[in-house]
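**Q** Before we start, here is the structure in question, set down as structure tokens.
We did not get these values from a lab; they are worked out from the coordinates using the rules stated. Being a predicted model, the structure only gives us computed values, none of them experimental. Neighbour counts run over all protein chains shown; Cβ positions are idealised from the backbone, glycine included.
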Amino acid sequence: MIPLRKALSSSVGKKFIMAFSGLCLGGFIVVHLLGNLALYRADGAAFNLYAATLESFGKFIIAAELGLIALFLLHAISAMLLKLNHWGARPERYSVVKSKGGESKSTLASRNMIISGGVIFAFVILHVWSFKYGPGITEGYTAAGGAHGEIRDLHRLVVESFHNPLIVSAYVFVMLLLGGHLWHAFWSGLQSFGLTNPRYTKGLYCLGSMFAVVLSVGFLMIPIWIFFDLSTVLLGAIK
Amino acid sequence: MSNTSQSRHSMHLTLLVWRQEGPHKPGSLEKFTAKNVSEDMSFLEMLDFVNEDIIKSGKRPIEFDSDCREGICGCCGVVINGQPHGPDRATATCQLHMRTFKDGDTIVIEPLRAKAFPIIKDLVVDRGALDRVMSAGGFVSVKTGPHADANAILIPKPIADLAMDAAACIGCGACVAACPNASAALFTSAKISQLALLPQGKPEAARRVTGMVEQMDKEGFGNCTNIGECRAACPKEVSIDFIAKMKREYFKAMFAPMESAAGDGGA
Ligand code: HEM
Ligand code: FES
């Protein structure tokens with residue numbers, strides 16, 4: 001039995017933490033995207049009701065939020081500890097570096113996880129600050145919420161934000177980086193836990209790329225959809 | 001070498017070779033011209049050939065490591081145009097032929113770079129770190145007695161094959177050199193897996209993986225980020241599936257009872 005402290009501070013153990021927190025965050029963003037699919041409707045009732053329902057869980061939702069913050073910090077801190085170690089591991093750089101290709105998973109994404117991750121981290125802070133702690137009922141962003149009575153009109157806030165081309169471009173940019181992060185992350189997280197097997201490696205990597213594309217596109221289409229009011233344009237065209 | 005074969009197949013190359021007097025001295029790339037290099041030479045023969053001229057001119061020859069020159073000892077290994085052991089896959093530097101290059105090419109030759117591999121001179125690096133990782137558990141403790149019967153312990157063929165694939169590692173350090181993080185995960189995992197797969201290696205598996213990973217970390221290698229450049233550079237094509245196996249072995253060791261170290265009175 002390896003003492004837990006020693007195990008988790010080893011290079012292998014730190015990657016267990018990285019992979020565990022990363023895969024949990026991956027689970028979170030799947031749920032987050034599923035909820036946000038309501039934003040593809042021009043009518044904000046469904047989205048506002050969804051947000052109000054989450055809020056109504058009270059203590060439970062706060063516990064989940066604290067858990068998410070812990071996961072983010074765990075992931076980011078172990079990322080930085082690992083990265084610091086890499087930087088020291090090759091003090092003198094090569095004057096030429098070239099991949100030998102083959103089965104290497106060396107991509108722009110896999111070599112720059114710390115950059116995509118760092119941008120995502122900064123983004124999450126701004127994102128939560130501007131939406132969760134943005135204008136609410138007291139500022140007049142109210143909507144009718146049926147059984148919930150008067151609820152916050154979060155949909156209006158989102159739509160207003162996504163009519164600003166700067167915000168839309170920033171979201172699209174960060175979601176592309178998220179796609180890059182996930183492209184390597186899915187396979188890497190499983191490999192870090194030893195959950196890969198020669199028979200499935202190719203398939204898992206492929207699945208990971210699809211996961212990355214679906215999530216990245218799923219998220220980045222929301223601001224674009226709202227900016228160009230595509231639900232009216234496209235649905236209007238169908239009618 | 002006859003003149004005709006020289007003129008038919010020979011080439012002129014420019015070499016940019018890393019020169020460094022000693023471990024803590026500054027180094028830099030020095031330019032050499034290699035004339036009349038035969039395409040039938042191995043890369044190391046080409047360096048020998050260039051060194052003859054350097055020696056004749058009274059200068060210090062280019063230092064590099066080699067021993068078997070047939071791809072089995074793991075002694076050779078330089079980074080050629082940014083690729084450990086050069087552009088060919090599944091090839092050690094000693095097995096690389098000059099026909100891989102073209103007349104007029106410029107070839108940049110650097111040592112295997114990692115903090116854990118201090119440069120001794122020019123292209124010669126100290127890979128003692130890998131030996132110390134081995135000493136931390138890369139063995140099987142056996143009672144030496146009468147010769148045991150072959151096949152007394154049956155090993156299924158697929159398992160034996162897999163262990164053999166891991167055992168193909170010649171410990172050259174190309175994986176470390178190729179890794180963007182200078183991690184020794186492929187080397188360490190190959191050595192761990194080779195023994196963990198076989199019945200004789202199982203009793204000590206938990207202690208082995210703990211000790212070898214600990215030593216690997218102590219030596220100042222970077223961490224694996226599952227990029228797989230190691231696998232591409234490996235002259236023996238050792239698979240990163242063994243890195244996954246190392247992770248599983250480590251996870252098991254976190255919970256498995258561990259037999260005490262050899263020599264302290266048994267289990
Ligand atoms: C939505 C948010 C995120 C998700 C879903 C996510 C997911 C993942 C996953 C699954 C891995 C693979 C873990 C492994 O191989 O051990 C990973 C790796 C990584 N993540 Fe994240 N991550 C997220 C945010 C972040 C943030 C905020 C940072 C930080 C500063 C970050 C930095 C990294 C780094 C540096 C790696 C490197 C893994 C490696 O190549 O070894 N990630 N991420
Ligand atoms: S000299 Fe032995 S492997 Fe190249």
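**Q** Quick query: amide H of B:V108 versus all other amide H atoms, modeled in the peptide plane; which residues come in under 5 Å with a sequence gap of 5 or more or a different chain?
**A** B:L16, B:N81
**Q** Hey, another quick one. Among the complete DSSP H segments of chain B, which ones combine at least 18 Å of alpha-carbon extent along their axis with a mean Kyte-Doolittle hydropathy of -0.5 or more? Before the final figure, lay out the partial values.
**A** On the way: long enough: B:43-56 (20 Å, 0.49); B:205-218 (20 Å, -0.62); B:241-255 (22 Å, -0.28).
Span-like helices here: B:43-56, B:241-255.
**Q** By the gyration tensor of its Cα atoms, with a ≥ b ≥ c the square roots of the eigenvalues, what is the shape of the stretch B:3-121: rounded for a/c under 1.5, prolate for a/b over b/c, or oblate?
**A** Values: a/c = 1.81, a/b = 1.30, b/c = 1.39.
Because a/c hits 1.5 or more and a/b fails to exceed b/c, the stretch B:3-121 counts as oblate.
**Q** Suppose the chain between A:S95 and A:V124 were pulled fully straight at 0.36 nm per residue; how much longer would it get relative to their current alpha carbon spacing?
**A** Numbers: separation 29, 0.36 × 29 = 10.44 nm, distance 3.67 nm.
Between A:S95 and A:V124, full extension yields 6.8 nm more.
**Q** Next question, about the same structure. Provide the FRET efficiency to the nearest 0.05 for the A:T142-A:I77 pair, computing r from the beta carbons and using R0 = 45 Å. Intermediate results must be reported in sequence, preceding the final value.
**A** Working: r = 39 Å, r/R0 = 0.87.
For R0 = 45 Å, the calculated efficiency reads 0.70.
**Q** While we're here: Are there chymotrypsin sites (Phe, Trp or Tyr not before Pro) in the stretch A:1-67 that DSSP puts in a loop and that have at most 11 other Cβ atoms within 10 Å, and which ones?
**A** Values: sites: A:F16, A:F20, A:F28, A:Y40, A:F47, A:Y50, A:F57, A:F60; in loops: A:F57.
Those that pass, being in a loop and sparsely packed, are A:F57.
**Q** Sticking with this one: Pick out, in residue order, every one of the GluC sites (Glu not before Pro) in the stretch B:47-145 that is DSSP loop and has at most 14 other C-beta atoms within 10 Å; say none if there are none. Don't skip to the end; give the middle numbers.
**A** Values: sites: B:E52, B:E63, B:E70; in loops: B:E63, B:E70.
Filter output for the stretch B:47-145: B:E70.
**Q** Which of the GluC sites (Glu not before Pro) found in the stretch A:1-101 are in a DSSP loop and have at most 16 neighbouring Cβ atoms, other than their own, within 10 Å? Provide the component values of the computation, followed by the final result.
**A** Working: sites: A:E55, A:E65, A:E92; in loops: A:E92.
For GluC sites (Glu not before Pro) across the stretch A:1-101 that sit outside H, G, I, E and B with at most 16 neighbouring Cβ atoms in 10 Å, the list reads A:E92.
**Q** Still on this structure, I have one more. Tally Lys/Arg at +1 and Asp/Glu at -1 over every other residue whose Cβ is under 13 Å from the Cβ of A:P91; what's the total?
**A** Numbers: positive: A:R90, A:R93, B:R113, B:K115; negative: A:E92.
Residues near A:P91 contribute +3 overall.
**Q** Same structure, new question: So how much slack lies between A:E55 and A:L176, counting 0.36 nm per residue of separation and subtracting their Cα-Cα distance, in nm?
**A** Details: separation 121, 0.36 × 121 = 43.56 nm, distance 2.91 nm.
Stretched out fully, the A:E55 to A:L176 stretch lengthens by 40.6 nm.
**Q** Expressed as a whole number of Å, what is the distance separating the alpha-carbon centroids of the stretch A:71-128 and the stretch B:162-198?
**A** 23 Å
**Q** Provide the FRET efficiency to the nearest 0.05 for the A:L33-B:V140 pair, computing r from the beta carbons and using R0 = 56 Å. Present the calculation step by step, with values, prior to reporting the outcome.
**A** Working: r = 50 Å, r/R0 = 0.90.
Working from the Cβ atoms, E equals 0.65.
**Q** Among the helices of chain A (complete DSSP H runs), which have Cα atoms covering no less than 27 Å along the helix axis and a Kyte-Doolittle mean of at least 0.0?
**A** Helices meeting the criterion: A:11-36, A:59-89, A:165-192, A:201-227.
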